[in-house]
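Here is the structure we will look at, set down as structure tokens.
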Amino acid sequence: MNRSRQSAPITADPSDLGFVDRQIALRQIVDDLRKLRGGAPDDFGRSPALDRLLCVISASVIPIAKADDVDWEIILMELLDLRATITRLAIGVAETSH
């Protein structure tokens, strides 16, 4: 599966981020995911699997930030895709509730 950078709201090459910036980016994405899941459907947004994933990512910020550039970019793109999916779900719920 080809991951396009066009789907990510990052203008610079993600592999150019330094260690500290990578940690900040990871923490921001996890924070965004936690905020967004409140608006997502219960069967997705509040799933135990998502809760566990966010806990694992939070506990692994340093090792993830130390990943080589290729692995870092793959992890980042997957997290951004997850955030986009939850955002779409949250928007869909908001639109149907009106």
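The values are calculated or read from the model by the stated rules, or taken from the named source; none is laboratory data. Fair warning: this is a prediction, and the values are worked out from it, not measured in the lab. Every residue, glycine among them, receives a Cβ derived from its backbone with ideal geometry; neighbour counts consider all protein chains shown. Heads up: the accessible areas ignore ligands, DNA and RNA and are worked out on the full protein's heavy atoms, side chains in. Shrake-Rupley method; radii C 1.70, N 1.55, O 1.52, S 1.80 Å.
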Answer from 28, 23, 6 - the residue that is part of a helix (DSSP H, G or I) and modelled with pLDDT under 90: 6
Looking at segment 34-98, what helices (runs of 4 or more DSSP H) fall wholly within it and have at least 2 residues that are open to solvent by less than 50 Å² (accessible area, probe 1.4 Å), modelled with pLDDT under 95 and among the charged types (D, E, K, R)? 69-96
Tabulated pairs, segment 69-93, first farther than 24 Å from residue 18 by Cα, second open to solvent by less than 50 Å² (accessible area, probe 1.4 Å) and in a helix (DSSP H, G or I), C-beta under 8 angstrom, 6+ apart or interchain: 86/33; 86/36; 86/45; 87/36; 89/45; 90/36; 90/45
